[in-house]
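Quick notes on the structure that follows.
Derivation of every value follows stated rules applied to the coordinates shown; laboratory data play no part. Please read all numbers here as calculations on a predicted model, not as lab measurements. Quick reminder, even Gly has a Cβ in these numbers, built from the backbone with ideal geometry, and neighbours come from all protein chains shown.
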Amino acid sequence: MTKENLVEIEKNLKVWRDERHITRQMQQDSYLILMLEELKEYEIALKNNDINEQIDALCDMAVVTMNALDIDIKECLYAMNYYIYGEKINTYCFFEYLAFIPNEIEFKLKYPKCASRLVSMWFGNLVYLGYSPYLCMLETIKEISSRKGSYDETIGKWTKDKNQDPNTLYKADYNKCKVKGKE
């Protein structure tokens, strides 16, 4: 992962937000709820040993965080180097970081590096699994960009149009994202 890769990912996510008229504030307001949903999906994928769903959940957590908060790219790259050389990170580590977030405003003001470290943990897990975080994120963004729907203010999240023609949906192909030599 390079600085340019992270800038491209952030740019693509901004386009996604802008096309859907979703602000960072809207994402911040529902951050914890969205993260808990994704952590639950990740935990289920771990229990089922479903690598594709693990990758999907890790990328979704990165999307939620990067959509809600500014990422310190330098810190993210630095911390990612730390996480990719460790063991696979479990959900307990994620909850430990999320415990620092009593509310989104305090999170932004008191823990500016926390969001970058969360993203780097998820990216580090992708590397641990043998996948390129950059390519996985591009696949994820391509998938979420193919979805139609609307922002539901009552639940604070983008909801998919259940009547969308399945032929118009893109499904992320994480097999394309494997790092050579890790197949």
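Remarks
- Amide H contacts of GLY149 (H built 1.01 Å from N, under 5 Å, at least 5 apart or other chain): ASP161
- Per-residue Karplus couplings for segment 44-56, computed as 6.51 cos²θ - 1.76 cosθ + 1.60 with θ equal to phi - 60°, are listed in order as 5, 4, 5, 4, 8, 6, 9, 4, 4, 6, 4, 4, 4 Hz, Gly and Pro entered as x.
- Amide H contacts under 5 Å for TYR131: VAL179, restricted to partners 5 or more places along the chain or on a different chain, H placed in the peptide plane at 1.01 Å from N.
- Footprinting exposure proxy for THR65, THR154, THR168 (fewest neighbouring C-beta atoms within 10 Å first): THR154, THR168, THR65
- Mean Cβ count within 10 Å, highest first, over the residues of peptides 10-17, 44-51, 29-36, 136-143: 136-143, 29-36, 10-17, 44-51
- The residues packed around ILE73, meaning those with a beta-carbon under 10 Å from its beta-carbon, carry a net charge of -3 if Lys and Arg are +1 and Asp and Glu are -1.
- Net +/- balance of residues flanking GLN164 in space, Cβ distance below 12 Å, scoring K and R +1, D and E -1: +2
- Taking 16 Å as the straight-line reach from the Cα of LYS162, the aspartates and glutamates in range (excluding those fewer than 8 positions away in the same chain) are GLU143, ASP152.
- In sequence order, calculated HN-Hα J values of segment 157-163 (Karplus, 6.51, -1.76, 1.60; Hz; x Gly/Pro): 7, 6, 10, 6, 6, 5, 9
- Residue-count net charge about GLY149 - beta-carbon cut-off 9 Å; Lys, Arg +1, Asp, Glu -1: +3
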